[in-house]
Amino acid sequence: MVLPSAEDLADLVFKEFRQLPKTGKPTTNEWTILSAIVMHDTAKGTSKVVAIGCGTKCVGKSKLCSHGLILNDSHAEVLARRALLRYIYHLLKRVIEYSDEGVFQWDSENVCFRIRPDLNFHFVSTQTPCGDACIRNEAIEEKSTKEEHIINDEPTQPKLKKRKINKENDENEDCAPNGDDNVGALLEPSPNDAVYTGAKLIGLTDQQDAMEQKIGAVRTKPGRGDRTLSMSCSDKLARWNVFGMQGALLDILLAHPIYFETLNFVGCAENEAAIRRAIYDRFIGKQFKTTKYKIHKPTIRFAETVKFEYAENYNRKNPAPTGISWCNIPIDLKPYEISVNGNKQGATRKKFGTPEAAVKISKYNLLQEFVDILRVEPKLRQKYRIDSKELTYLKYHQYKQLAREYQAAWTLAKQNYFSQWTEKPPNLLEFSLDA
Ligand SMILES: [Zn+2]
């Protein structure tokens, strides 16, 4: 059976998105970015949308939550991936409780779950990921705006103009991927004209400019005001492309990492080379050897004939303040979630920083899902020598350390492949479900 085209996948995703409630979606003058994950059954030739994320925001360093209750990063790509994790946990629970092995199967010999070999995953997104993928390595035309200034050309740098970001005391950190949300009124709206990233370089001296459009570099997310600790989506996609999108906790439960077979972008074809560079080309030749994780080379495709109805344009000038996530689980489990500044929409200020204000895709609640699997599967507890009484006391970072191969490979990768990746302060990973 043939894999659906990028257009077909995007159509499928937009159809699913239209069926979601109107609450939380952008208003008439707001735009957003949508990312989604489609699962394709190669045996049956069927595809289904399993996770959707919409959003453009990222909370600053000062607002990070030490209990894993607030979403740091609400860019669409990241929300879609977190929604996928929620979907996977749901399926793993079904394997244990109902022996439903439609997607994952229990391997009792190796005490882990295996995905059915004829299933694979595809990523769909309506914009070029922020960070490295946004920088085209070519000279570009000058845009007439009084706010831009020219970067000194260096032989190894692409010849680029950049737009100056207003950094003055701005509480609300808009993280439009191309960083131009605050000067949008001065420029022709051109969401796919991604020749500039507002994402910031890391590890600089005082003389260096965090906004320099150096190609191939890792960056933190764009945003006004305080730097965020979240890496750009280009960097996160690159990481998932080596370690899989399941992350450390699910890596403990799964036999193999899960990779995207294809990355599909709506429009953005002019950024093809930059996207490929950001996802894997920039790391080719850097030493990185492990048996379990491999640098994956997904097929990168473009859907040119479809349009996302909430994309940035003349009428939709403001980035939507909401983050949306959805995964393909039964409606009584509330698959559709809306967040504002990383908290559940509608949560009162009083509830901020409590589990009641936390969305299901927060670190805290995904840890809860992970622990629930250990609670119902004694063989896993035996394998990792965890007593059921300890389950709620163990800290998030202690659980992550159970993924030994993953952690060892990550340490290795950081020496070369992902050097300068930001580390969250340890106190942000010290929470337990008990706290
Ligand atoms: Zn992003």
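Laboratory data are not the source of any read-out in this text; all were calculated from the coordinates shown. All values derive from a computational prediction rather than experimental measurement. Heads up, the Cβs are rebuilt from the backbone with ideal geometry, glycines too, and the neighbour counts pull from every protein chain shown.
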Notebook entry, point to check: Comparing Leu367, Leu12, Leu204, which has the greatest mean-square fluctuation in the GNM of the chain with Cα pairs linked when under 10 Å apart?
Noted result: Leu204
Note to self: Need one number: the % of Cα-Cα pairs in the range 5-133 sitting beyond the 20 Å mark.
What the structure shows: 56
Check: Between Asp118 and Thr42, 0.36 nm times their residue separation minus their Cα-Cα distance comes to what?
Finding: 26.8 nm
Next item on the list: Apply 1/(1 + (r/R0)^6) to the Cβ-Cβ distance of Glu405 and Asp206, taking R0 = 30 Å, and write down the FRET efficiency to the nearest 0.05.
Entry: 0.15
Item checked: Mean Cβ neighbour count within 10 Å, used as a protection proxy, ranking 323-334, 372-383 highest first -> 323-334, 372-383
Margin query: Just to confirm the filter: which GluC sites (Glu not before Pro) across the range 286-316 are DSSP coil and have at most 15 other Cβ within 10 angstrom of their Cβ?
Written below: Glu304, Glu309
Margin query: Could you sort the peptides 392-402, 246-256, 35-45, 122-132 by per-residue average Cβ neighbour count (10 Å cutoff), highest mean leading?
Written below: 122-132, 246-256, 35-45, 392-402
Check: When the dipole is taken about the Cα centre of the range 241-383, and only Lys, Arg (+1) and Asp, Glu (-1) are charged at their Cβ, what size is it in debye, to the nearest 20?
Finding: 560
Checklist line | Taking the convex hull of Cα positions in the chain, its mean projected area over all directions (nm²) | finding: 20.9
Next item on the list: Let me know the charge dipole size of the chain about its Cα centre in debye, to the nearest 20, where only the beta-carbon of Lys, Arg (+1) and Asp, Glu (-1) is charged.
Entry: 1020
Next item on the list: Would you work out the relative contact order for the chain, in percent, from Cα pairs under 8 angstrom that are 6 or more residues apart?
Entry: 24
Notebook entry, point to check: Any idea how far the Cα center of the range 99-131 sits from the one of the range 288-363, in Å?
Noted result: 19
Next item on the list: Rounded, prolate or oblate: pick one for the range 237-328, where a ≥ b ≥ c are the square roots of the eigenvalues of its C-alpha gyration tensor, a/c under 1.5 means rounded, and failing that, prolate if a/b is larger than b/c, else oblate.
Entry: oblate
Note to self: At 30 angstrom or more along the helix axis (alpha-carbon based) and mean Kyte-Doolittle of -1.0 or higher, what helices does the chain contain? Whole DSSP H runs only.
What the structure shows: 76-98
Notebook entry, point to check: So between Ser419 and Gln398, what do we pick up on full extension, going 0.36 nm a residue minus the alpha carbon distance?
Noted result: 5.2 nm
Next item on the list: Using the Karplus curve 6.51 cos²θ - 1.76 cosθ + 1.60 with θ = phi - 60°, work out ³J(HN,Hα) for each residue of the range 293-307 in order, rounded to whole Hz, and write x for Gly and Pro.
Entry: 10, 9, 5, 8, 10, x, 6, 9, 10, 10, 9, 9, 9, 10, 10
Next item on the list: Only bridges with both residues in the chain count here: give the DSSP antiparallel percent, nearest 5.
Entry: 75
Checklist line | Stretchable slack from Thr290 to Glu109, in nm (0.36 nm times residue separation minus alpha-carbon distance) | finding: 62.8 nm
